[in-house]
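In what follows, a structure is listed as structure tokens, so that the remarks can point back to it.
The values are calculated or read from the model by the stated rules, or taken from the named source; none is laboratory data. Keep in mind it's a predicted model, so treat the numbers as computed, not measured. Reconstructed Cβ throughout: ideal geometry from the backbone, glycine too, with neighbour counts over all protein chains shown. Just the protein is used for accessible areas: all its heavy atoms, side chains included, with ligands, DNA and RNA removed. Shrake-Rupley method; radii C 1.70, N 1.55, O 1.52, S 1.80 Å.
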Amino acid sequence: MTNNQTKTGNTAPVDNPVPSFWNADPRPLDDFRSTEDLPSEIDIVIIGSGIAGVGTAYHLLQDTSFKVSIAILEARDPCSGATGRNGGHVKPDAFLNVPRNAKIYGAAAAAELAAFEASHVYAVKDLVEREGLDCDFNITRALDVFLDPEHAKQTEAAYRELVEAGIVDLRDTSFTPKKDAERVSGVKGAQCCFSYTAAHLWPLKMIHQLLQLLLNKDLKLYSHTPVSSISGTQDENGRWAVTTSRGLIKAPKIIYATNGYTGELLPEYSRSIVPIRGICSHISSTKGTDTPHLVNTYGIRFDARNNDYLIPRPDGSIIVGGARQRFWHNKDRWYGTVRDDELVDEAVSYFDDYMQRHFRGWESSGAKVDSVWTGIMGYSADFMPHVGEIPEKPGQFIIAGFTGHGMPQVLLSTKGVASMVRDGVPFENSGLPRIFKTTKARISAKRSLMEENLEPLWRTGRESKL
Ligand SMILES: Cc1cc2nc3c(=O)[nH]c(=O)nc-3n(C[C@H](O)[C@H](O)[C@H](O)COP(=O)(O)OP(=O)(O)OC[C@H]3O[C@@H](n4cnc5c(N)ncnc54)[C@H](O)[C@@H]3O)c2cc1C
């Protein structure tokens, strides 16, 4: 190992993650390796086979005039990270964090991000239809339902200010006041709600089918091939040496699509992108299809910090994730951990009777939790992902840190990264929100806005009674 070669810590993907609802059944690409031995060299190495890694490979291989060899190296089964364990909710942030983003980054940057996210619903739809992907894709309305009267009032006031300021396009957002909120949303005790266009899908199916298409275009895929380090310098031909459990592979271009695990290979990002554990569940009715069918997806907001996401599936079953009330006050249980091989035990029972508790008409549905799983996200210290060429590492690119909110951000980011890697397009012309750009200043910032926000909760260490 050379002096400045990266070293491994303890934030690499762990073996044997708990199965999620989405990946419970075996798939043909599990354990897949394009060749028995790793090639000794290749044009582009992509580390990670979630939506960031596979989306980037997809866009790189879209241009058939670009002859290039690409290998995706994946520590576990393909798409076994967050993308294979999430809620499947493509939910653009239409307004909620716009005031915060405008305060930190300026109104123009906040508006650019909101428009970028909104366009993802149709970008994902286009991809699904163009490639004929069978992944339960549905366009829907997302309902953000507010349960705390004070929080509801504050959010309504912030929304009205936003309308007044005209920073973002709110034509697709609809507000429902308290008098109608419970009936419109179906959520008991709703104080107000907002709705806007969103989508949901089965992300693991989408990614596995994309991978299959790309393998037909000569992509090389190596599962169960964790990368342990990258050389600190290039060789005389400008190639970086990538050390894996199955030997060395050299490439002039490397793309880190490593989500919360990024700091393991790029220690300079350890403070900027932190692994975070989330928990999610699948609920089915024991009375078959006799329960009211929910046509919208939900964000159920108990207060400014605690919220759940809920996605009804076409078969009538429900995905619910969140349960922060049970464990967020206890930092060690979720912050800085990559352990998705275990549940957050104290949160599991949170999902029992969830539908009966919160939804009108579900009281005698017999709805029952049939699986609970965890997954690892990459939370960014300044709330924005890191995308683009890594400072002082020519030919190395990052696309990571989507902060639990990747589905309305990643796909078009992969298109932008592909244009940088393939055509040398500067970040500024790549179509990406300016605040996604990875920079030395962001990487070395001492301040973590995320930690500042969480500190009061950790200090009190008290479980929320919500
Ligand atoms: C429980 C849960 C629910 C979520 N729900 C939603 C939701 O509903 N909507 C939404 O927008 N977002 C949601 N998210 C977040 C979303 O899933 C992520 O933002 C998105 O999937 C990130 O994609 P990715 O490709 O960057 O990461 P991942 O899908 O995690 O892919 C990274 C891959 O890199 C591999 N890897 C890392 N290090 C190495 C290494 N050293 N060697 C080889 N391979 C390596 C990992 O094994 C992993 O497969 C959720 C996340 C979780 C965990």
Please enumerate, by chain and number, the aspartates and glutamates with C-alpha under 18 Å from the C-alpha of residue 67, excluding those fewer than 8 residues away in the same chain.
41, 43, 218, 423
Towards the positive end of the charge dipole of the chain, with charges on Cβ (+1 Lys, Arg; -1 Asp, Glu), say which of 111, 157, 54 has the farthest Cα.
157
Given a 1.4 Å probe and the protein chains all in place, what does the accessible area of residue 282 round to, in Å² to the nearest 10?
10 Å²
Report the normalised scattering of region 32-174 as log10 I(q)/I(0) at q = 0.10, 0.12, 0.13, 0.18 Å⁻¹, calculated by the Debye formula with identical scatterers on the alpha carbons.
-0.53, -0.72, -0.80, -1.15
Determine the percent antiparallel among the DSSP beta bridges restricted to the chain, to the nearest 5.
70 percent
Find the all-direction average of the projected area of the Cα convex hull for region 117-219, expressing the result in square nanometres with one decimal place.
8.5 nm²
When the solvent-accessible surface of protein heavy atoms is calculated with a 1.4 angstrom probe, in what order do 27, 100 fall, highest first?
100, 27
Greater than 23 Å apart at Cα, pairs in 415/446; 153/446; 205/415:
415/446; 153/446
Using Cα pairs closer than 8 Å and at least 6 residues apart in sequence, work out the relative contact order for the chain, in percent.
22 percent
Binned Cα-Cα distances of region 166-248, short to long, each 5 Å bin given as a whole percent:
3, 10, 10, 9, 10, 9, 8, 6, 8, 11, 8, 5, 2, 0, 0
Taking a crude spin-label model, label points 7 Å out from Cα along the C-beta direction, the residue 103 to residue 268 distance in nm is 3.1 nm
Based on alpha-carbon centroids, what's the gap between region 193-221 and region 256-307 in Å, whole number please?
17 Å
If packing is taken as the average count of other Cβ atoms within 10 Å, what order do 356-365, 223-232 fall into, highest mean first?
223-232, 356-365
Where does region 336-441 land on Rg(C-alpha)/(2.2 N^0.38 Å)?
1.54
Taking the Cα centre of region 87-191 as origin, work out the dipole magnitude from +1 charges on Lys and Arg Cβ and -1 charges on Asp and Glu Cβ, in debye rounded to 20.
380 debye
Percentage, to the nearest whole number, of Cα pairs in region 273-416 over 25 Å apart:
38 percent
Size descriptor, Kirkwood hydrodynamic radius, that averages inverse alpha-carbon separations across region 403-451, Å:
12.3 Å
Select from 386, 240, 120 the residue farthest towards the positive end of the dipole of the chain; place +1 on Cβ of Lys and Arg, -1 on Cβ of Asp and Glu, and compute about the Cα centre.
386
Given contacts defined as C-alpha pairs under 8 Å and at least six residues apart, what's the relative contact order of region 225-318, whole-number percent?
16 percent
So what is the accessible area of the chain per residue, in Å², with the probe set to 1.4 Å?
41 Å²
Using 0.36 nm per residue, how much length does the chain from residue 332 to residue 353 gain when fully extended, once their Cα-Cα distance is taken away?
4.8 nm
Nearest 10 degrees, 0 to 90: what angle lies between the long axis of helix 149-165 and the longest principal axis of the chain (Cα atoms)?
60 degrees
Listed by chain and number, the aspartates and glutamates with an alpha carbon less than 17 angstrom from that of residue 437, same-chain partners under 8 positions apart left out, are 112, 117, 268, 382, 389, 392, 428
Please report how far the C-alpha centroid of region 376-394 lies from that of region 144-171, rounded to the nearest whole angstrom.
29 Å
Could you give the spread of the C-alpha atoms of the chain along their three principal axes, from largest to smallest, in whole angstroms?
70, 47, 45
How much length would be gained if the chain were fully extended between residue 25 and residue 341, taking 0.36 nm per residue of separation minus their Cα-Cα distance, in nm to one decimal?
112.1 nm
Say the dipole of the chain comes from +1 at the beta carbon of Lys and Arg and -1 at that of Asp and Glu; which of 361, 176, 295 then lies farthest toward its positive end?
176
Leaving ligands and nucleic acids out of the surface, order 368, 67 by accessible area at 1.4 Å, largest first.
67, 368
Take residue 455 and residue 161, extend 7 Å from each Cα along the Cα→Cβ direction, and tell me the distance between the two endpoints in nm.
2.3 nm
How much of the accessible area of the chain, in percent, comes from carbon and sulfur atoms when a 1.4 Å probe is used?
50 percent
